[in-house]
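The values are calculated or read from the model by the stated rules, or taken from the named source; none is laboratory data. Predicted, not measured: the structure shown is a model, and the values here were computed from it. For neighbour counting, all protein chains shown are included, and Cβ atoms are generated from backbone atoms with ideal geometry for every residue, glycine included. The area values use the complete protein model at the heavy-atom level, side chains included, leaving out ligands, DNA and RNA. Shrake-Rupley method; radii C 1.70, N 1.55, O 1.52, S 1.80 Å.
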Amino acid sequence: MRCVIDDMKKSDWEQVRRIYLEGIATGHATFETEAPTWEKWDAGHLPCGRLVARSGERIKGWAALSGVSERCVYAGVAEVSVYVGTEYRGEGIGRGLLEALIVSSELSGIWTLQAGIFPENTASIRLHELCGFREVGRRERIGKMNGVWRDTVVLERRSLIAGAD
């Protein structure tokens with residue numbers, strides 16, 4: 001992987017958004033059909049764990065955390081998002097981002113990471129498993145996409161550091 005994992009800056013948004021749109025175009029990355037504005041994206045993601053894979057001025061991928069609930073008992077649970085630009089897939093960027101995201105989450109007191117992945121996205125499922133996630137279930141017909149019901153595979157990773165008391 002020829003890049004540096006770095007904190008995401010607001011000025012990175014256009015490149016991050018482009019990579020997000022590439023993921024949306026696959027039909028196997030998200031139920032979203034368009035990328036939000038920076039303001040909407042910013043409001044929906046935790047301040048910690050906003051990372052990019054940077055090579056000079058170019059962003060090759062990004063990762064971020066979203067809260068799963070407003071209830072205080074879930075303060076240490078977050079959902080992961082990892083996206084890699086089409087031309088950089090297979091270079092280990094996703095793994096580098098996810099590993100860095102795990103470290104960042106634990107330093108921020110997050111004890112459980114979860115991911116909901118379309119079963120067709122086998123590369124993403126494999127990546128998460130390589131980084132210590134385990135499959136905990138499948139949400140069948142959880143949402144429609146282009147008029148077709150879709151399932152998601154639910155994976156989680158429990159920290160051995162944060163919340164280990």
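Observations, loosely collected:
- Whenever a residue of the range 85-113 is within 19 Å of ALA162 (Cβ to Cβ), its partners that are at pLDDT 95 or above and among the acidic types (Asp, Glu), lying with C-beta atoms within less than 8 angstrom and at least six residues away or across chains, give the pairs THR112/GLU156; LEU113/GLU79; LEU113/GLU156.
- Some residue of the range 71-79 being surrounded by 12 or more Cβ atoms within 10 Å (Cβ to Cβ), of a type outside the set (Lys, Arg) and closer than 20 Å to GLY23 by Cα: yes
- Within the range 26-40, considering residues that are modelled with pLDDT of 95 or more and not in a loop (DSSP other than H, G, I, E, B), the one surrounded by the most Cβ atoms within 10 Å (Cβ to Cβ): TRP38
- The range 55-80: number of residues that are out of contact with any strand residue (DSSP E or B) (no Cβ under 7 Å at 6 or more places or on another chain), part of a strand (DSSP E or B) and either acidic (Asp, Glu) or within 22 Å of ILE125 (Cβ to Cβ) (or both): 0
- So THR122, is it within 20 Å of VAL82 (Cβ to Cβ), polar (S, T, N, Q) and loosely packed, with under 14 Cβ neighbours inside 10 Å: yes
- When each of TYR20, TYR83 is tested for being within 24 Å of THR152 (Cα to Cα), at pLDDT 95 or above and either among the small types (Gly, Ala, Ser) or not in a helix (DSSP H, G or I) (or both), the lone residue that passes is TYR83.
- Hey, GLY116 at positive phi and free of Cβ contacts under 8 Å to residues at least 60 places away in the same chain or not: no
- Subset tally (residues that are open to solvent by 80 Å² or more (accessible area, probe 1.4 Å) and out of contact with any Leu (no Cβ under 6 Å at 6 or more places or on another chain)) for the range 125-147: 10
- Being part of a helix (DSSP H, G or I), surrounded by 15 or more Cβ atoms within 10 Å (Cβ to Cβ) and either over 16 Å from the mean Cα position of the chain (by Cα) or on the phi > 0 side of the Ramachandran plot (or both) is a condition met by no residue of the range 92-107.
- Residues of the range 59-70 that turn out to be in contact with a helix residue (DSSP H, G or I) (Cβ under 8 Å, 6 or more places away or on another chain) and open to solvent by 20 Å² or more (accessible area, probe 1.4 Å), as a count: 3
- Of the listed requirements (1) open to solvent by less than 30 Å² (accessible area, probe 1.4 Å); (2) over 14 Å from the mean Cα position of the chain (by Cα), GLY56 misses just one: (1).
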